[in-house]
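All of the numbers you see were taken from the coordinates with simple rules; none came from a lab. None of these values were measured; they are calculated from a predicted model. Heads up, the Cβs are rebuilt from the backbone with ideal geometry, glycines too, and the neighbour counts pull from every protein chain shown.
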Amino acid sequence: MSKKFLAAVILVTFFFPAGINAQTLQLPDFKFTARSYILVDEDSGEILADKSADEVMPMASLTKLMTALVVLESKIDWNKKIKVQKADVALDKTIMPGEEVTTSTLLALSLIPSSNNATNALVRAAGFNTKDFVAKMNKKAIDFDLTATHFVEPTGIDPHNVSTARDVAQLSRIALANKQIRDIASRPELNWTGTGTKGKKFVRLVKNTNRLLDDSVTSHPTYRIIGSKTGHIEEGGYSLMVFAQSKNRRRLIAVVLGATNHFARFQEVDELLEWAARMLKPLSHIAINYRFEFVRIQNDILRAKVRC
């Protein structure tokens, strides 16, 4: 057999059909209020369902996923104590000026109850002014190929922080690959400690803004949540991203943007995840794409690497 023929054979993509994929799933008629949504099978990369997934919209506090990624690159001291300043306040009362907490608590407050004040204090603790920090956020958006995503500030309260359901799904995949973010973003609540304005220690409890976490962590019938983030501003409606794993071990990313009310976003993401978890076969049964990439031939020996 000639070298050229061997190379041609090895470059073929082999596909062994075995499981349900996006082409064979029977989509229900979703009656959603969301202006845009997407459901992605993370294991295959297939889009299982979507509507207006490339419509550019305000992303609200989903912004904080990118903020967390940029902060984590800054080599911040997570035990350092930071006092919240008046300049950090942005439509939020979770933590107030004069109160002091560690930077690790600021990150948790940014992602669990979605505190804007904590987010601004965290950016300052990382050693950035807002302009420079936002420049880093937009640089990362380019690096991640989030072509429709743009930031003007780190909290999400400005409607000019924009993205699409498709970009948010990609950003979420990257952010939740980070264990520190994933561990925080999957927690239903947070007991946190701080020092008050008069130097007295306090302990407070805050709930995650994602109401689905209460059920999924304990006894949800079809999936558990790996990580999530909510978002809401008047100009963009109510939004939610959930990264979940079904009981049959399929990983799913669901994003809804622009739902009409607080409860609709939870109901609509839950409906997407429930449907996919019921319809998709276990991971061990799905089709696997093996791509053999030709590297070189030396002394009549074919060298190749395998990608799955």
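Here the scattering of segment 17-287 is modelled by Debye summation over its C-alpha atoms, one equal scatterer each and no solvent; at q = 0.09, 0.11, 0.14 Å⁻¹ the log10 of I(q)/I(0) is -0.40, -0.59, -0.93.
Local charge for Leu190 was computed over the other residues whose Cβ lies under 10 Å away, with Lys and Arg +1 and Asp and Glu -1, and equals +2. Packing order of peptides 249-261, 184-196, highest average first: 249-261, 184-196 (average count of other Cβ atoms within 10 Å over each peptide's residues). Averaging Cα coordinates gives a centre for segment 109-141 and one for segment 233-251; these two points are 22 Å apart. Ranking Trp192, Ala121, Phe144 by how far each Cα lies toward the positive end of the dipole of segment 102-242 (charges on Cβ) leaves Trp192 at the top.
In segment 17-287, Cα pairs under 8 Å separated by at least six residues give a relative contact order of 25 percent.
Cross-link reach is defined here as a Cα-Cα straight distance under 17 Å, omitting same-chain residues fewer than 8 places apart; for Lys200 the aspartates and glutamates meeting it are Glu99, Glu100. Simple spin-label estimate for Asp77 and Lys281 gives 5.6 nm between the two label positions (7 Å along the Cα-to-Cβ direction from each Cα). For the peptides 96-104, 262-270, 74-82, 119-127, the ranking by mean Cβ contacts within 10 Å, running from highest to lowest, is 119-127, 262-270, 96-104, 74-82.
For every other residue with a beta carbon closer than 12 angstrom to the beta carbon of Asp29, add +1 if it is Lys or Arg and -1 if Asp or Glu, then tell me the sum.
+1
In plain terms, the chain from Glu235 to Thr193 could stretch by 11.7 nm, reckoned as 0.36 nm per residue minus the Cα-Cα distance. Between Asn178 and Gln85, the modelled labels are 2.3 nm apart [label points 7 Å from Cα along Cα→Cβ]. The local environment of Ile233, defined by Cβ-Cβ distances under 15 Å, has a net charge of -1 under the rule Lys, Arg +1 and Asp, Glu -1. The length gained by stretching the chain between Lys207 and Lys247 to full extension, at 0.36 nm per residue less their Cα-Cα distance, is 11.9 nm.
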